[in-house]
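Asker: Structure in C-alpha cells, see below.
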Amino acid sequence: YTLSLHDALPIYWRADRLKRLQMGILDGLHKAGWTHTEILIETEAHLKEDSEGVAFLGQCDRIEILRAPDGRRTAFIVDYKTGKGENSDDKTAIASYWWSDDDHKEFARGLQLSVYAAMFKRCDLAGVYILGLEDGKVSGTITEPAQSIFQPYASKKFDGDITARIHEGEYAMECAVKVLGRGEFSPEYSCDLCQWCKVKSLCRKGEFKGEVMADSD
C-alpha cells in the first residue's frame, strides 16, 4: 500500500507535533530539576509480575527512570496511541465481562496503563500516561509535583492517584488468575485485543478464523 503525498502530509504533521509535545515535556522536567538516569524503549521496557503461579508479561513503548528534585528515584511509563490520548485512557466498563466475578462495575481508568503500573517494581512511579497521535495530547495519571509540567499538554485534568491505579491493575490480574485456575477460556471473538494475543490456541479463535497456528501454539 502506497501513500500519496496528500495522505502522507497529515501523518507527518501529526508525528512531528507528537515529537514536539514530548520534547516539551522532557524540557519541562529537566528545567524543574528532574534528571534522567535511564530510558528504556520497547524491547528494553519489559515488565513481569508473578501471581499465584501465573506469570504476567508486558512490554511498554517507553519507560523513563529519573531522579526527582527531592532525590527520589522514580519513573514514568509512556504509551503511544494512534488515536486520541483521552479516548485511550477512558473508563473501562467491566460489569458484563465474563472474567469479572464480583460487584465491580467499571475501572475508573484505562486498564492497560493500570496493569503496567501494577507490574512496575523498580522504583516509585511518578506517572503513567498516553501520548495521542491524533490529538497531540497527553492523558493518564501524573502525581504531584510533576502535574504542572504536563498540564499544558493534557487532554483533560490529570488523575493523580497512582495508588488507586495500581490497585485496579492488581485486581485485573487477580481476576485473570482465578479464570486460569478454573480453566475457563471463553472466546470473545469481537475483541480488538485479540490481534496481539500469542496464545490463541487457548480459546481456539485462531482455528475459528482459519489462521495458521505456529508450532509453539
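Asker: Sort out for me the Cα centre separation of segment 23-63 from segment 123-152, rounded to whole Å.
Answerer: One Cα centre to the other: 13 Å.
Asker: A further question follows. Placing unit charges on C-beta atoms (Lys and Arg positive, Asp and Glu negative, everything else neutral), compute the dipole magnitude of segment 17-85 about its Cα centre in debye, rounded to 20. All intermediate terms of the calculation are to be shown ahead of the outcome.
Answerer: Values: 11 positive and 11 negative charges, 112 e Å.
Value, rounded to 20: 540 debye.
Asker: Under a Cβ-only charge scheme (Lys and Arg +1, Asp and Glu -1), can you give me the dipole magnitude of segment 116-192 about the Cα centre, in debye to the nearest 20?
Answerer: 160
Values in this text are rule-based calculations from the coordinates and carry no lab data. Being a predicted model, the structure only gives us computed values, none of them experimental. A quick note on method: Cβ atoms are made from the backbone with ideal geometry, for glycine too, and the neighbour counts reach across all protein chains shown.
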